[in-house]
1. What lysines does LYS131 reach when the alpha-carbon gap must be under 21 Å and sequence neighbours fewer than 8 apart in one chain are set aside?
2. Quick one: Kirkwood hydrodynamic radius for segment 245-358, alpha-carbon pairs, angstrom, one decimal?
3. Assuming a viscosity of 1.002 mPa s and a temperature of 20 °C, what translational diffusion coefficient in µm² per second does Stokes-Einstein assign to segment 51-439, Rh being the Kirkwood radius over Cα pairs?
4. Report, by chain and number, residues whose modeled amide H sits under 5 Å from the one on THR396, excluding near sequence neighbours (fewer than 5 apart, same chain).
5. Which of the peptides 154-160, 378-384, 429-435 is most tightly packed, and how do the rest follow, judged by the mean count of other Cβ atoms within 10 Å per residue?
6. Can I get the semi-axes of segment 135-200's equivalent ellipsoid? Compute them from the C-alpha gyration tensor as square roots of 5 times the eigenvalues, in angstrom, largest first.
7. Work out how much length ASP73 to LEU325 would gain on full extension: take 0.36 nm times their residue separation and subtract the Cα-Cα distance, in nm to one decimal.
8. Would you list, by chain and number, the lysines whose Cα falls below 18 Å from the Cα of LYS86, excluding same-chain residues fewer than 8 positions away?
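Readers should treat all values here as calculations from the given coordinates under stated rules, not as data from a laboratory. Because the structure is predicted, anything quoted here is derived from the model rather than measured. Ideal geometry is used to build each Cβ from the backbone, glycine not excepted, and the neighbour counts take in all protein chains shown.
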Amino acid sequence: MIAIEGSSSSRLCDGKSRRDVLKLGALGMGGIGLPQLLRAEQNAGLRNSNKAIIMVYMAGAPSHQETFDMKMDAPSGIRSEFSPIKTNVPGIEICELLPNLAKSMDKLVPIRSLYGAPNGSHDSFMCYTGKVGSTLNQIGQPSGGWPSIGAVTSKLMGSRDPAIPPFVGLAPKAGHPPYGSSGKPGFLGFGHGPFKPMNETANEMKLDHLTLGRLNERKGLLQSFDHFRRESDRSGLMEGLDDFHQQAFGMLTSSKLADAFDLSKEDAKTRERYGKGDAKNVGDGAPRNLEHFLLARRLVEAGARCVTLNFGRWDFHSKHREGMLSHAPLFDQGLAALINDLHERGMADDVTVVAWGEFGRTPKINNTGGRDHWPRVGTALLAGGGMRTGQVIGATDRQGGEITDRPVHFGEVFATMYQNMGINPHTTAIKDLGGRPHFLVDEYKALPELV
């Protein structure tokens, strides 16, 4: 817990009431017109909502044939070694390694026709932005790069509580950098980047023996210094520092964030339901840490807008059976616990959950018993957000190699998530470092089957 002597005061996030805005709009020339008034009211409503996103990045790309799109009629060498099982929705079957998700299918939507990966290289970029591009290569992107959905929701909505970061990334560093990415702030500036408590910032959540007076002195000094840095900065990447400072000092003067991370405050049966998993990274990938699913729920409950967590390393080019046996049961336990917990707490309509990787896997099993990269089709699992669940979207051919019905682009999923958050992705624009506005998604619309 953060211990700071002295008292503190709080203020509203926007600092204005509707009456204040109306008075400003009535000032005549130079006042706020109707469009600005409507925008201010929309932003106030967004900031006061309970909407949030939890994104599970399945680093390395899971096989669709061994998760949600099994092809038991395919010939040997393509057909999965695992068997399908029935779910609690008639007609929908998934892999036998996912029994808890099978029992919760009425709360889920498997997408069997996901596409949009630009190539077969490992990258989390499209999972966090919905854009075609790369984390490591910004060719074709605006200066600074496209922002992730966590950065966008931080910019547009902020946190429900100034003591809680709006965007939290639970991924530790990984040997392959995109596997350890939580989503980047892009041209919105690092003030809207993820708070990553699993890295070196973990120990910075606590301060001892520092009075509030001394903290305020340091705050003033820091703001003066950064004002100078912003004035001399030509790139625009220093934008967002004021928000960053407000979040940082809100965190330091409150115990709410530390409380959210304190799993000892959780009921023992709930902790057992989620399980522990394995906190160690899998090779150059992410950990299989089941406590991250519980932390994600606690963080959005406390006020975070977007929490991302990275799970495992699903790049099974060889020994695919062993890889699935080491990953799928843990994933099944953690994700099913999260989905059902959100429903039981009355949070499911407000919190959108998505789990996916960067692409699918080849229909043909290779000579080392694995499946290789297959960017032509992949899979995703959606839940919550007030969506119409208990259905499957899309289909592939007999071998699972080509989309035969209802192709779904990453951008369509992003349009759906933004709409679930109360944000119109086609009328809401954010400005890049050159002042050029960009809509949140390209031509893609929210999935009509869900919203």
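1. Those lysines meeting the cut-off are LYS155, LYS184, LYS431, LYS445.
2. Details: mean 1/r = 0.0646 Å⁻¹.
Answer for segment 245-358: a Kirkwood hydrodynamic radius of 15.5 Å.
3. Values: Rh = 21.5 Å.
Result for D is 100 µm²/s.
4. Answer set, sorted by chain and number: THR404.
5. On the way: 154-160: 23.7, 378-384: 25.7, 429-435: 13.9.
Averaged packing, sorted descending, gives the order 378-384, 154-160, 429-435.
6. Numbers: eigenvalues 81, 59, 10 Å².
Three semi-axes, in Å: 20, 17, 7.
7. On the way: separation 252, 0.36 × 252 = 90.72 nm, distance 2.23 nm.
So the chain would gain 88.5 nm between ASP73 and LEU325.
8. LYS71, LYS103, LYS107
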